Each structure stands twice: as structure tokens, then as C-alpha cells.
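Values in this text are rule-based calculations from the coordinates and carry no lab data. Note that the structure is a prediction, hence the values are computed from the model and not measured. Note that each Cβ is placed from the backbone with ideal geometry, even for glycine, and that neighbours are counted across all protein chains shown.
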Amino acid sequence: MRSVARFGAHVGRGVRRLALDSALGGRRSFPRRMADLTPTALSAIIGRRVDSVAIRDGAAGTSSRARLALTGDDVPASVFVKMSADSAGIRMLGELAGLGETEARFYRELAPELGAGVPRSYGSAFDHLTGRFVIVLEDMTISPCEFPDTLNPLSTDQMGQVLEVLAELHATFWGRLPQKSGGGGQFAWLVAPSEDPANLLTPAVMRTSARRLAGSTTIPVRAGRYIWENFPAITALIDRGPHTVLHGDAHPGNTFFRNGRAGLLDWQVLRRGHPARDLAYAIVLGTPVGDRAGVERDLLDVYRTALAAMGGPQFDRDDLWTRYRQAVAHPYLSGLATAGLGGMQSERIALEGLRRAVTALEELETVDALQRVR
């Protein structure tokens, strides 16, 4: 009953924000569309005088995105802007996941402590009344960047670089989080995936996704049925400590390479938790099926070495291997939902991600590794 009440309160907050946004309309000064990003509005967000703004191009998805040309006092000639989606339905999904609020807060509060593995932020803003947000980032199209995806996978060396970026993230905030989420201080707002109020929907989403995929793919999508049938206990097991800050979505499409160095994009599902979540997600989804088994232990060693060198703990090799095997439940659940529900990625990318996750689940005997601890 407690989880139902938390979910109800969570949904209620999102509904109230959307209702207020609709009622207030343009009477509230916070920008609602790209056209609202006037020189005055952008000047307030980035803290520099902007004289002119021109929209170069744009796209829509879980957020509205556009490249803007700027002139003004010491401002970049071009920036990339993310803001709330136009569709109320998509904004409600964003509210359930806390996407905009999380990413705006990351760039404002945490990103300044990280290095070149994060896009440069010029400013961000979040309206707590309506849930709308604006994030102004560097335009990465004007520098030589490589943007991989699942169908153009990372080399083993590139994957090692991604794990080093994750090691920097994990080490930077290691030992600084309160014992429990909400415990006060700078990081009290970060929650573990097992604490997400929307988890109440996960088993039903998994069943629906598996049913939709059953007749259209040979991938054994029900191989991890035990995981969604015991979801609350499984996700809590994966989230047992120690905790640090997690990226939460480090698949190939959220990586970039610039000047021979890796970086991570899309910090909108930032969470707290054990590093194995990020490691399993990155390695399983970023490594082709035929290659993973031959490199994953070495990749975990790359991570362990980098984490310790950057001031984090020295993980025991065997313990991290076990936690990694268990955490493969994370890319499995994500891959099943993405492929089964559709609309979030191209079908080819979604199915390849699911294939990698299910293969890893079976080869690493993830269900057995989870059952042995319960």
C-alpha cells in the first residue's frame, strides 16, 4: 500500500504541474517554446548579455531540442538547447521519470566537478511550479566529435575509455552521499532505482513488452521472467550499497568521442546506487554479442584500476564480477521495455540492444546469481 500511495503522490505532482502550465499559459515568464528564448530570456539563463537569437534547426522527442545562433557579449556563436516537450503526454512521461528536473540540476550542481567527459553547460533553469526546464549546452557539431550507436558499436579500447569516464564520475562523488536518499545535504535529492515510485508499473510493462515481442522475434525475451516476477526484491538486491552517483543510461547512443577521449551525454536519469548498474549497462549494450565474453573481465579490471587511481575504493575483483552479473538485470529490463513498447529508438537498435542483454543474461547466469543471494 505504501508503494501505491507514493506512486499516486508522484503522478499527482505531475498532473498538477501540467494543469498549472495549461492554466497559466503564456502569462508565466518561464520559456515554454524555442521561440520564447529571446535575448532577454537567454541572458538570464546563461548569465551573459545576449543581443540576438536565431533558431538554426530543431527536433522533438522526450524533449524539444534545437541549435541556436547567438550574438552578444562573450557568448558562444552556437549553442544546443534542450527544453520541455510541446506534447503534454510526453511531458507527463518526463514528469514520471523526473527527466528535465534531474538533468537541469545535474548540469547546475554536479557537472562543474567533472572533467572533459561531460558537455559544457552555459546554464540551466527549472520551473518548480510547471515542471518546465531549459538547458543550454555547447554545440558539439562544430567540433570534430564521433557519436556511436548500438549498430556501430564501440571498440574494446573505446569501451575502456567509457568505463574510465564512469570511474571518474563514481570516484568524484564516492563517500559524499548521505547513508540514505533524502538524508540531507547536497545529494539528498538523488534516489536509487529501487526507490522510483514508477516501479509499481514495471512488472506490467515487462509482461506487455514480452507479449508484444513473442510473435515477432526469435530472441528468448522471457529468459528473465523471474526478474520481473520478483521485481521489488531484485532491484533492491542490485541496489544494496555502497552507493555513489550513477549516470543510469550509459548505452552507446549516449557516448561521444572528441580528441581521442570519451564522454557521456543525456544525464537525465541520474541516480544513486552501486557502480555495477552503470558497468553492466555500458558493457552489455555497448559490446557485440560475439565479443563481450572475451573482454568483459578485462574491462572490469580497467574500471577497477581507474576508480582506485581517481580516489575511489579498490573493489575486490570477484565481488565486482558477481555484482556485475547480477546487474545485467538492468539492461535486460531496459532493453525489453524499449523494444516492446517502441517509439524510443529505431526498431533495429532496440532489438539489437535486447539481443545483447538477453544473451548476457543467459551466458552470465544472471538469474542464478540473483537467486543465490535471496
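Which loop-located chymotrypsin sites (Phe, Trp or Tyr not before Pro) does segment 149-243 contain, where loop means any DSSP state but H, G, I, E or B and the Cβ has at most 15 other Cβ atoms within 10 Å?
For chymotrypsin sites (Phe, Trp or Tyr not before Pro) across segment 149-243 that sit outside H, G, I, E and B with at most 15 neighbouring Cβ atoms in 10 Å, the list reads Trp189.
Place a +1 charge on the Cβ of each Lys and Arg in segment 36-89 and a -1 charge on the Cβ of each Asp and Glu, then give the dipole magnitude about the Cα centre in debye, rounded to the nearest 20.
Result for segment 36-89 is approximately 140 debye, rounded to the nearest 20.
To the nearest 20 Debye, how big is the dipole of segment 215-374 about its Cα centre, given +1 on the beta carbon of each Lys and Arg and -1 on that of each Asp and Glu?
240 debye
Say each of Glu362 and Thr322 gets a label point 7 Å from the Cα, pointing the same way as Cα to Cβ; how far apart are those two points in nm?
Result: 2.6 nm between the two label points.
Computed FRET efficiency, Cβ-Cβ of Ala9 and Arg372, R0 45 Å: what is it to the nearest 0.05?
My answer for the efficiency is 0.80.
Per residue of the chain, what 222 nm ellipticity follows from adding -39500 (n - 2.57) for every DSSP H run with n ≥ 4, rounded to the nearest 500?
Rounded to the nearest 500, the figure is -14500 deg cm²/dmol.
Hey, if you drop one equal point scatterer on each alpha-carbon of segment 228-294 and run the Debye formula without solvent, what base-10 log of I(q)/I(0) do you get at q = 0.11, 0.16, 0.17, 0.22 Å⁻¹?
These q points yield log10 I(q)/I(0) values of -0.33, -0.66, -0.74, -1.05.
Give me Ile349, Ile135 ranked fewest to most by other Cβ atoms within 10 Å of their Cβ, as a rough exposure proxy.
Ile349, Ile135
Which value results when the Cα radius of gyration for segment 1-132 is divided by 2.2 N^0.38 Å?
For segment 1-132, the normalised Cα radius of gyration comes out at 1.14.
Would you mind checking which residues have amide H under 5 Å from Arg272's amide H? H placed 1.01 Å from N; only 5 or more apart, or other chain.
Placed amide hydrogens put Val191, Ala192, Leu246 under 5 Å from Arg272.
For the chain, state the semi-axes of the equivalent ellipsoid (square roots of 5 times the eigenvalues of the alpha-carbon gyration tensor), sorted largest first and rounded to whole angstrom.
33, 24, 21
Given all pairs of different Cα atoms, what value in angstroms does the Kirkwood hydrodynamic radius of segment 323-374 take?
11.2 Å
With 10 angstrom as the radius, rank Arg13, Arg372 by how many other C-beta atoms surround their C-beta, starting from the fewest.
Exposure proxy ranking, most exposed first: Arg372, Arg13.
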